[in-house]
Each structure stands twice: as C-alpha cells, then as structure tokens.
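Asks: Have a look at this one.
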Amino acid sequence: MNTVSNDIELADWRTKALKLESEIEKVIVGQNRAIRLMTTAIFARGHVLLEGGVGVGKTTLLQSIARGIGGTYERIEGTVDLMPNDIIYHTYLNSEGRPQIDEGPLLRGGENLSVFFFNEINRARPQVHALMLRVMAEKHVQAFKKDYRLPHMVVFADRNQVEKNETFEIPSAARDRFMMEIPINIPASREHRKSLIFETRFQHAEALTQQVEDHILEFDQLNQFSDTIQRHVRSSPVLEEYALDLWEATQEPARFGVKLEGVEVNRLVQAGASPRGMGMLMKAARVNAWLNGRDSLLPEDLHAVFHEIIAHRLVFNPMYDAKRTALARELTAQIINTVAVPGRH
C-alpha cells in the first residue's frame, strides 16, 4: 500500500472510531474517558478487566460497542459451580427427556464473535480461569473433535470486588493477560446522575442499545488495521528511554524519588510491570496517538493509558493489599509526576 492510500485509510478509520465513540456517548452518559480507553483497547486488540460496582451500565456499554463494531456479542455469568466446559457447551434434557448438547457462549458466535463479556469472573473457579485465559491467548478452542477459531474476539471481564465469600481472586500472572483494567464508576456530575434516574430511556437497556448506529466499523478487519496503526505511529530514542525509566520506576519507585504519604515505598512493590505489560503500554499509546491525529508518540500518549495498563499488574506487599486500589492509583500518578522525560528540563 502506498503512502497516500495508507494515510487515507488511517484517516477514514479514525473518523469511524470517533463516530463510534460519539454514538456510544449518546446512550452511556458520564463515561467519556472509559469509552476512549475501551476504543483504544479495541484498536490495540487487547482484553480488558472492568472495575466498577453493580448497575453502572457495563452490560449496556459492551452491547453498544458490539453493535457499533459489528459481530456477535456473548456473555457468561461467573458462579461457583460453573465448570470449564460450560463456557464451550451445555448439556440438558430436552422436551423428549433425552440428553442434548448445545453450543455454549464461546461457540455460538463462532468466527463472528467480537465481544465476550465474562461477568463476575472471580466467582468462577481457577479451572475456569485457566481455560478462559488459554482461549484468550490462542484465539481458538477444541470441542466435538473440531477446532473452533475465534480470531476477532476481545474479552471483557469484571470482578465482584465487594463480596469475598465464594470468590476466587485472579492471580497476578492471570491479570497480566489483560491489557487494561478500566474503571466504570457512577458519574460524578449531578446532571448526569439526574438523567440516569429520571430519564425513562435509561430504564430500558435493550432499546437504548438499539439507538447506536450498527456496523460503524468492520470487526473482521480490526486485526489487520491494528497492525497498520502500530507500523504507522513512530517512537523516538528519547521516548524509548523515557518508557524504560517508567518501567524501572514500577519495579523500584524509591530509586526514582517516588514518595507516597504514610507508605514505605521501598517496601510497597514486590513486582513491577512485566515485559508483556510494557509492550501493551506502547501498543495502546500508539493507538492513543493515532486517535489524536498524530503519527509519532509523545509522553502524553503513555500517560493517557499508564494507570489502566500498569496498576493491575503491580504486585504489592500483602500488608498494603487492603488499600490496593487507592495506592495503585496514587503510585502510578506519582511515577508519571516524578520520572523526568530525558532531554526535558
């Protein structure tokens, strides 16, 4: 592809990406930053953990995304009795009293599966996590002596972070498979809160989702176009040195002068970001640059996705686990504020 046609394709897709965001923002209020981060993950082809309580609109948001990008949307609920095979197929007695096997949520969409939502993934047992993580990595699953390909699937999973009974926390190595953890919080704006309570359209999620224009993007072309973005957006030696400093600061924050009030920083972090995590940071940063109409990386592109990509990968000293969410946000903010960009004074 020549440079001119490549630039036209990049501009055309960016127009569609911004249209997708505006369509979703019409039906999901007060979540503009979360929508931008989820758009970034879609174009970076990364799986996402969702952070947030009950009833904040995660399902409606994901159904709206699936409608806008095309393809099939599927979901499954995490429960303590969920078995690995339940994700693939389910067995039951039909109306004639005979055993029958139907395709489960992973197989129903087949190669057209674009968005898969695992609700309350930490209610499912580790065996279920293991299968899900393997499918996420390999993009295919075997069943009925066949190999089912899932090349376009992006997994979104949320965790019940309030109730601890009958939950199985995802270990750090498993969290590392998710590109981002994105907060979906109750809107801070009082006007947005009034809209959610009093505007009747927000009480009918299915009808709300139908207001989003469908097939704005071509879901089955996203993998190839994601590679185009990665080739198009350039970095620089200075930017790469800065990214390395950020990485090392997640491992040894005290060495870079990072301080947190009331916390011994040199004892806080047991393990920093992984190489995979830093690779995902750079991949998402390139998408952020493209969404902002640039073809070269700036430090601001790393900042835009730093917390959501790095925080859930940090392994803290167990004595700080009770305050993990707040401490992780404060730590990533302080790393960005403290680590200097090489060559800048």
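The values are calculated or read from the model by the stated rules, or taken from the named source; none is laboratory data. These numbers were taken from a predicted model, which means no experiment stands behind them. We place every Cβ from the backbone using ideal geometry, glycine too, and count neighbours over all the protein chains shown. These accessible areas exclude ligands, DNA and RNA; they are computed on the full protein's heavy atoms, side chains included. Shrake-Rupley method; radii C 1.70, N 1.55, O 1.52, S 1.80 Å.
Asks: Which residue pairs have Cβ atoms closer than 8 Å, lie 6 or more positions apart in sequence or on different chains, and pair a first residue in region 189-203 that is on the phi > 0 side of the Ramachandran plot with a second residue that is not β-branched (Val, Ile, Thr)?
Replies: Listed pairs, sorted by first residue: none to list.
Asks: Restricting the search to region 10-34, which residues are open to solvent by less than 30 Å² (accessible area, probe 1.4 Å), out of contact with any strand residue (DSSP E or B) (no Cβ under 7 Å at 6 or more places or on another chain) and part of a helix (DSSP H, G or I)?
Replies: If the condition is that a residue be open to solvent by less than 30 Å² (accessible area, probe 1.4 Å), out of contact with any strand residue (DSSP E or B) (no Cβ under 7 Å at 6 or more places or on another chain) and part of a helix (DSSP H, G or I), then LEU10, TRP13, ALA17, LEU20, GLU21, GLU23, ILE24, VAL27 are the ones that fit.
Asks: Out of GLU111, GLU138, which single residue is among the charged types (D, E, K, R), at pLDDT 90 or above, closer than 30 Å to HIS215 by Cα and within 18 Å of the chain's Cα centre (by Cα)?
Replies: On the way: GLU111 fails: within 18 Å of the chain's Cα centre (by Cα).
Testing whether each residue is among the charged types (D, E, K, R), at pLDDT 90 or above, closer than 30 Å to HIS215 by Cα and within 18 Å of the chain's Cα centre (by Cα) leaves just GLU138.
Asks: In addition: I need the full set of residues from region 75-108 which are among the small types (Gly, Ala, Ser) and closer than 18 Å to LEU133 by Cα, in order please. Break it down into steps so the answer makes sense when it comes.
Replies: In the first step, residues of region 75-108 are kept if they are among the small types (Gly, Ala, Ser); the result is 78, 95, 97, 104.
Those that are among the small types (Gly, Ala, Ser) and closer than 18 Å to LEU133 by Cα: GLY78, GLY104.
Asks: Scan region 100-118 and report the pairs whose first residue is farther than 24 Å from GLU51 by Cβ and open to solvent by 50 Å² or more (accessible area, probe 1.4 Å) and whose second residue is of a type outside the set (Gly, Ala, Ser) and assigned to a loop (DSSP other than H, G, I, E, B), with Cβ atoms within less than 6 Å and a gap of 6+ or a chain change.
Replies: GLN100/ASN94
Asks: Against the condition within 18 Å of SER226 (Cα to Cα), under 14 Å from the mean Cα position of the chain (by Cα), open to solvent by 10 Å² or more (accessible area, probe 1.4 Å) and touching a residue at least 24 places away in the same chain (Cβ under 8 Å), how does ARG45 come out, does it pass? Steps first, please.
Replies: On the way: within 18 Å of SER226 (Cα to Cα): yes; under 14 Å from the mean Cα position of the chain (by Cα): yes; open to solvent by 10 Å² or more (accessible area, probe 1.4 Å): yes; touching a residue at least 24 places away in the same chain (Cβ under 8 Å): yes.
Spelling it out, ARG45 is indeed within 18 Å of SER226 (Cα to Cα), under 14 Å from the mean Cα position of the chain (by Cα), open to solvent by 10 Å² or more (accessible area, probe 1.4 Å) and touching a residue at least 24 places away in the same chain (Cβ under 8 Å).
Asks: Within region 259-286, can you find the residues that are open to solvent by 30 Å² or more (accessible area, probe 1.4 Å), of a type outside the set (A, V, I, L, M, F, W, C) and assigned to a helix (DSSP H, G or I)?
Replies: ASN266, ARG267, PRO275, ARG276, GLY279, LYS283, ARG286
Asks: Now for a different question. Tell me which residues, restricted to region 127-143, are in contact (Cβ under 8 Å) with a residue 24 or more places away in the chain and open to solvent by 50 Å² or more (accessible area, probe 1.4 Å). Explain how you work it out, then say what you get.
Replies: Let us first name the residues in region 127-143 that are in contact (Cβ under 8 Å) with a residue 24 or more places away in the chain, namely 127-133, 135-137, 141, 143.
GLN127, ALA130, ALA137 - these are the residues of region 127-143 that are in contact (Cβ under 8 Å) with a residue 24 or more places away in the chain and open to solvent by 50 Å² or more (accessible area, probe 1.4 Å).
Asks: Hey, another quick one. Of the conditions (1) aliphatic (A, V, I, L, M); (2) free of Cβ contacts under 8 Å to residues at least 60 places away in the same chain; (3) open to solvent by 60 Å² or more (accessible area, probe 1.4 Å), ALA243 fails just one. Which one is it?
Replies: ALA243 satisfies every listed condition except (3).
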